[in-house]
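Here the structure is laid out as structure tokens; the discussion comes afterwards.
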Amino acid sequence: MVDMYEDQLEKEIQDGLDPVAVCTQLGECPGTSCLLCKTLVKEVKKIIGKNETKDAIHNALYQACAKIPSPGGESAVDCDNLATMPDVQITLAGKVFTLTPKEYVLEIDQGGEKQCISGFMGINLPPQLGNFWILGDVFMGPYYTIFDMGNKQVGFAKATDAASKKADTAKMSVSADFSANLVQ
């Protein structure tokens, strides 16, 4: 969006238009990108404060884009912040499972440059489904998982270092035990 409309966004923000007016002018409202556009403009206005120079707006547009998750649900993370990011605790049937930033942030090499992507991603589901979590590879990397369909339960255990490094092996050693009933 910024690449397509940068000059218009800069001008309309300098002109003091509110987010709805800016996004309507761009043809994004009404439409599927309306909320994204309004969020971007609001964030830019918050970042620049009263400094409405073209350079300030240009920099703020890209700062704001870095804060907004992608339409696919994934989010970039500053790799330099991994050491200060919190552990995430997930409680299942009264047992706490902890994920460290090294476990829930994917570090990738993109043409010689390190990039980090959160292993958590948003998903839009109909409201009638309620709150919903999918425990995917981010969770199943550090936790050995057994699906016991016969007994309608799933079991988790902390994978040992050897097991988590060799996730493709047929037999994994585990250091703890837990199981919960599957929801029908």
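Read the figures in this text as sums done on the coordinates, not as results from a lab. Everything numeric here is computed off the predicted structure, so don't read it as measured data. We place every Cβ from the backbone using ideal geometry, glycine too, and count neighbours over all the protein chains shown.
For region 2-67, the residue among 24, 64, 14 whose Cα projects farthest onto the positive side of the dipole built from Cβ charges is 64.
So how strong a dipole does region 2-67 carry about its Cα centre when Lys and Arg Cβ are +1 and Asp and Glu Cβ are -1, to the nearest 20 debye?
Details: 8 positive and 11 negative charges, 65 e Å.
Using Cβ point charges on Lys, Arg, Asp and Glu, region 2-67 gives about 320 debye.
Each residue of region 148-154 was assigned a 3J(HN,Hα) from its phi angle through the Karplus expression (A = 6.51, B = -1.76, C = 1.60, θ = phi - 60°), giving 10, 5, x, 9, 6, 8, 10 Hz with x at Gly and Pro.
Segment residue 140..residue 25, full-extension length gain: 36.8 nm, with 0.36 nm per residue of separation and the alpha-carbon distance subtracted. If you take all other residues with their beta carbon under 13 Å from the beta carbon of residue 98, and give Lys and Arg +1 and Asp and Glu -1, the sum is +1. For region 92-109, putting each phi into the Karplus relation 6.51 cos²θ - 1.76 cosθ + 1.60 with θ = phi - 60° gives couplings of 10, 6, x, 9, 8, 10, 9, 10, 8, x, 5, 8, 9, 10, 8, 9, 10, 9 Hz, in residue order, rounded to whole numbers and with x for Gly and Pro.
Remark: region 25-38, residue by residue, has Karplus-estimated 3J(HN,Hα) of 4, 7, x, 8, 10, x, x, 5, 9, 4, 4, 4, 4, 5 Hz, where x stands for each Gly or Pro and the curve is 6.51 cos²θ - 1.76 cosθ + 1.60 at θ = phi - 60°. The amide H of residue 52, built 1.01 Å from its N in the peptide plane, has no neighbour under 5 Å, considering only residues 5 or more places off or on other chains.
Lys and Arg at +1, Asp and Glu at -1: add these up for the other residues within a Cβ distance under 14 Å of residue 57 and post the number.
Numbers: positive: 11, 42, 45, 46, 50, 54; negative: 6, 7, 10, 12, 15, 43, 52, 55.
It works out to a net charge of -2.
The modelled label-to-label distance between residue 149 and residue 91, using points 7 Å beyond Cα along the C-beta direction, is 3.2 nm. Which shape class applies to region 101-146: rounded if a/c is under 1.5, otherwise prolate when a/b exceeds b/c and oblate if not, where a ≥ b ≥ c are the square roots of the Cα gyration tensor eigenvalues? It is oblate, given that a/c is not under 1.5 and a/b is not larger than b/c.
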